[in-house]
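*Asks:* Following this message is one structure expressed as structure tokens.
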Amino acid sequence: MHFKAVITLLSISLLAVELPLAAQRPALTRAPVLTQAIDESKLHTLRGNTRPEVNPANDRGLVPDNLPMDHLMLQLQRSPDQQRALDQFTEDLHNPKSPSYHQWLTAAEIGKQFGLAPQDLSTISSWLQSHGFTVNSVYSNGLLIDFSGTAGQIRQTFHTEIHSLDVNGVRHIANMTDPQIPEALASAIAGIVSLHDFRPRAMVSKQIKKRTDFSFTSGGYNYEAVTPGDLATIYNLTPLFAGGNTGAGQTIALIEDADLYSNQDWTTFRNTFGLSQYTAGSLTTVHPSGSSAANNCAAPGLAGGDDGEAALDVEWASAAAPSAAIQLVSCAGTKTTFGGMIAIQNLIDSANPPRILSLSYGECEAENGASANSAFSLAFQQAVAEGISVFVAAGDEGAASCDAGATSASHGIGVSGFASTPYNVAVGGTDFGDSSLGTNASYWNSSNGADYTSAFSYIPEIPWNDSCASSLLANYFGYSTTYGTSGFCGSSTGQHYYLNVVAGSGGPSNCATGNSAANGLANGTCEGYAKPSWQTGAGVPADGVRDLPDVSLFAADGAWGHYLVFCWSDLKNGGASCAGDPSTWAGGGGTSFSTPIMAGIQALVNARAGGPQGNPNYVYYQLAASGSCDSSNGDSAVSGCIFHSVTRGDIDVNCGGTADCYGATISSHGGGRIPGGAGGGNGALSVSDQAFSPAYGTAGGWSFASGNGSVNAYNLVNAWNSVAVP
């Protein structure tokens with residue numbers, strides 16, 4: 001759209017092939033791991049479970065003992081032998097040569113095979129009840145207990161106080177120290193998922209970045225907004241749709257902590273952009289209860305504006321798979337538990353969950369904490385064992401995910417703990433490179449065609465990056481360097497328009513486990529997830545840890561003139577009227593868009609492959625190993641490609657201080673490194689603080705900036721079975 005912007009245990013009946021039962025799954029007995037008497041005087045600390053905002057300056061004192069703490073989640077853990085067995089079984093599920101290939105399990109079967117023994121679950125439940133807690137439910141996976149109590153009971157049982165905090169004028173509650181449990185229970189308990197009310201962030205940038213001094217034409221600043229028709233053209237969905245593969249029979253679950261403002265917005269979006277011709281497409285809202293959970297999933301309502309996230313998720317998933325059944329899966333959060341986590345746990349606990357799940361929220365590993373990181377990893381592994389493909393937004397902060405919303409990075413390199421597990425696809429974000437080269441007319445029609453489509457073809461891509469640390473932005477404005485007072489980040493234009501931590505995210509996992517020794521930094525005993533077996537190929541670092549992202553799609557919010565539109569008519573929370581020309585609708589960017597789109601593409605894969613596929617990364621990386629095309633060559637070289645390798649630009653963001661920051665200087669005096677985020681944030685995030693090594697640049701093959709790159713959907717779908725079929 002082109003315009004000037006105005007704004008196992010499988011039962012025998014489920015077996016699809018006749019194989020000996022022993023050949024399809026490992027045979028383990030669930031021996032109790034809790035064998036000692038509980039001694040409340042001998043305690044074990046669950047380290048890495050205190051928010052970085054907890055400090056004397058923010059402390060406003062103890063909350064009342066009778067403050068309700070409803071639907072807390074106690075995350076349990078398997079024995080090492082059980083975890084190794086499930087890890088191997090997960091590999092076998094994705095190995096076409098294994099007799100266990102695609103022999104997906106149910107939640108109950110996972111619990112019977114890989115959960116804690118009933119005696120252990122009973123011991124832990126009885127211990128909670130002896131301290132006055134109500135045990136609401138024990139999940140059928142045998143690894144999660146929903147319980148409720150009061151702040152006083154938390155203090156007495158887990159030996160940590162719940163205090164009120166004032167963080168930048170916003171009231172919160174949080175535990176003041178890491179919780180403690182009896183040593184006798186330590187082998188079975190990973191931690192409490194959350195003892196605070198800090199919520200993860202939706203990965204969406206709603207603001208269109210208008211630059212009155214940044215013009216592609218002498219007559220004004222032209223924007224090319226991406227619409228569903230443009231998406232289909234650019235990423236080659238059109239021939240799939242023409243051939244009858246539009247996602248019919250597939251269900252995509254979008255995980256939310258808010259409901260839609262109006263279902264009519266989804267209908268208006270589809271009607272406006274020509275998607276309503278696919279009459280099989282549907283939208284439902286689900287508040288899942290799971291098979292064993294108590295009534296812990298209430299309708300969340302609008303959740304203070306997160307309904308905008310819900311709107312764009314359901315609309316753009318539907319744009320990529322217009323005949324799919326779209327499920328908005330939402331739960332209200334409690335004082336301590338993110339509603340999206342409740343929705344995920346209940347969904348995968350249900351008897352017949354959807355086989356594609358998309359999550360567009362995140363929190364950096366160091367802030368998320370060891371218990372919450374473990375909860376997401378265990379949940380996503382369970383989902384994969386059930387055949388569910390999990391797509392998670394990599395984030396919108398470059399490699400500085402602990403600095404979301406800041407004007408400069410001060411916490412060093414970090415990634416989202418929601419996206420960094422070995423069991424999900426981490427989806428990054430790109431922008432289009434035509435504007436930086438002045439070649440817009442080669443890829444966009446000067447007027448809109450049917451359904452507001454104006455893209456001609458695939459368009460060269462660059463990483464999405466709104467920061468003054470972007471080398472492409474710096475070069476466009478005539479600067480050879482990004483950092484320091486003489487670089488673009490020290491200039492008046494850079495400081496005024498581009499001083500922000502906004503870019504598609506990527507980087508190494510570095511604090512999935514362990515304990516940060518400083519405020520939100522990946523130091524102390526922090527360690528990343530181990531490198532998954534499937535993460536190999538040209539460009540993948542030999543760093544021993546999980547690296548993000550895996551794939552990327554367009555997610556820009558207007559810095560180079562391109563963004564996405566969506567219908568969100570909630571005017572009170574920042575939406576816009578969906579009447580008339582879509583140029584007046586809500587618009588923006590973020591990996592919140594690229595993630596549901598990639599989930600929609602997976603629906604087309606599943607439809608072609610004939611069933612659920614579990615973790616798509618096993619196939620992505622095999623297909624990428626056969627080679628990719630250089631995105632910079634544009635449409636002339638991508639017809640036979642599966643992946644477009646992004647080779648221009650970076651996801652570097654501006655920074656201040658000393659944590660992975662190079663070149664921060666005092667603006668008024670010049671020269672010298674400085675501590676603590678001073679200097680106007682005019683440094684650039686760097687792998688080294690002794691020499692500039694941007695975090696991170698692009699490269700042929702895989703890179704931290706875009707993973708394997710973006711996809712040619714038609715080629716991906718048609719090549720899938722070449723490596724995914726035994």
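*Asks:* Considering Ala225, Ala151, which residue is among the aliphatic types (A, V, I, L, M), over 29 Å from Arg78 (Cβ atoms), modelled with pLDDT of 95 or more and open to solvent by less than 10 Å² (accessible area, probe 1.4 Å)? It would help to see each step written out before you state the result.
*Replies:* Numbers: Ala225 fails: modelled with pLDDT of 95 or more.
Testing whether each residue is among the aliphatic types (A, V, I, L, M), over 29 Å from Arg78 (Cβ atoms), modelled with pLDDT of 95 or more and open to solvent by less than 10 Å² (accessible area, probe 1.4 Å) leaves just Ala151.
*Asks:* Still on this structure, I have one more. Cβ-Cβ below 6 Å, separation at least six or inter-chain, first residue in the stretch 543-556 and more than 11 Å from Asn708 (Cα to Cα), second part of a loop (DSSP other than H, G, I, E, B) and among the aromatic types (Phe, Trp, Tyr): which pairs?
*Replies:* These pairs meet every condition: Arg546/Tyr529; Ala555/Trp464; Ala556/Trp464.
*Asks:* So, Ala607, is that one part of a helix (DSSP H, G or I) and open to solvent by 10 Å² or more (accessible area, probe 1.4 Å) or not?
*Replies:* Against the criterion (part of a helix (DSSP H, G or I) and open to solvent by 10 Å² or more (accessible area, probe 1.4 Å)), Ala607 qualifies.
*Asks:* Something else: If you go through the stretch 580-590, how many residues are over 19 Å from Val314 (Cβ atoms) and at pLDDT 95 or above?
*Replies:* The initial filter retains those residues of the stretch 580-590 that are over 19 Å from Val314 (Cβ atoms), namely 580-581, 583-584.
From the residues that got through so far, the ones that are at pLDDT 95 or above too are none.
Of the residues in the stretch 580-590, 0 are over 19 Å from Val314 (Cβ atoms) and at pLDDT 95 or above.
*Asks:* If you don't mind, another one. When the stretch 168-191 is examined, which residues are found to be of a type in the set (A, V, I, L, M, F, W, C) and out of contact with any strand residue (DSSP E or B) (no Cβ under 9 Å at 6 or more places or on another chain)?
*Replies:* Once the filter is applied, which keeps residues that are of a type in the set (A, V, I, L, M, F, W, C) and out of contact with any strand residue (DSSP E or B) (no Cβ under 9 Å at 6 or more places or on another chain), the stretch 168-191 yields only Val170.
*Asks:* A further question on this structure: Taking the stretch 695-707, which residues are open to solvent by 10 Å² or more (accessible area, probe 1.4 Å) and either assigned to a loop (DSSP other than H, G, I, E, B) or modelled with pLDDT under 95 (or both)?
*Replies:* Matches in the stretch 695-707: Tyr696, Thr698, Ala699, Gly700, Gly701, Phe704.
*Asks:* Of all residues in the stretch 323-350, which are outside any loop (DSSP other than H, G, I, E, B) and closer than 25 Å to Arg546 by Cα?
*Replies:* Gly340, Met341, Ile344, Gln345, Ile348
*Asks:* If we keep just the residues of the stretch 324-345 that are more than 19 Å from the chain's Cα centre (by Cα) and open to solvent by less than 10 Å² (accessible area, probe 1.4 Å), which is nearest to Thr591 (Cα to Cα)?
*Replies:* Going through the qualifying residues, I end up with Ala324.
*Asks:* When the stretch 547-581 is examined, which residues are found to be buried (at least 24 other Cβ atoms within 10 Å of the Cβ) and outside any strand (DSSP E or B)?
*Replies:* Pro549, Asp550, Ala555, Ala556, Asp557, Gly558, Ala559, Trp560, Gly561, Cys567, Trp568
*Asks:* Another one. Residues being touching a helix residue (DSSP H, G or I) at 6+ places or on another chain (Cβ under 8 Å), assigned to a strand (DSSP E or B) and not aliphatic (A, V, I, L, M): count how many of those fall in the stretch 108-141.
*Replies:* Final tally of qualifying residues: 0.
*Asks:* Let me spell it out: the conditions are (1) touching a helix residue (DSSP H, G or I) at 6+ places or on another chain (Cβ under 8 Å); (2) open to solvent by less than 50 Å² (accessible area, probe 1.4 Å), and Gly61 meets all of them except one. Which number is the exception?
*Replies:* Failing condition for Gly61: (1).
*Asks:* So which strands (runs of 3 or more DSSP E) stay within the stretch 27-96 end to end and still have 2 or more residues that are in contact with a Gly (Cβ under 9 Å, 6 or more places away or on another chain)?
*Replies:* Hits in the stretch 27-96: 68-76.
*Asks:* Which one is nearest to Tyr235 (Cα to Cα), of the residues in the stretch 436-455 that are among the hydrophobic types (A, V, I, L, M, F, W, C) and open to solvent by less than 50 Å² (accessible area, probe 1.4 Å)?
*Replies:* Ala455
*Asks:* Keeping to the stretch 508-528, report how many residues are open to solvent by less than 30 Å² (accessible area, probe 1.4 Å) and under 18 Å from the mean Cα position of the chain (by Cα).
*Replies:* Going through the stretch 508-528 one residue at a time, the tally reaches 5.
*Asks:* Conditions first: (1) over 20 Å from Ala366 (Cα atoms); (2) of a type outside the set (A, V, I, L, M, F, W, C); (3) in a loop (DSSP other than H, G, I, E, B). Ser516 passes all but one, so which condition is the exception?
*Replies:* With respect to (1) over 20 Å from Ala366 (Cα atoms); (2) of a type outside the set (A, V, I, L, M, F, W, C); (3) in a loop (DSSP other than H, G, I, E, B), Ser516 is out only on (1).
*Asks:* Here's a follow-up. If Thr485 meets every condition in (1) over 30 Å from Asp230 (Cα atoms); (2) modelled with pLDDT of 95 or more apart from one, which number is that one?
*Replies:* Status for Thr485: all satisfied but (2).
The values are calculated or read from the model by the stated rules, or taken from the named source; none is laboratory data. All of these numbers come straight from a predicted model, not from anything done at the bench. Reconstructed Cβ throughout: ideal geometry from the backbone, glycine too, with neighbour counts over all protein chains shown. For the accessible areas, the whole protein counts, side chains as well, though only heavy atoms, and no ligand, DNA or RNA atoms are used. Shrake-Rupley method; radii C 1.70, N 1.55, O 1.52, S 1.80 Å.
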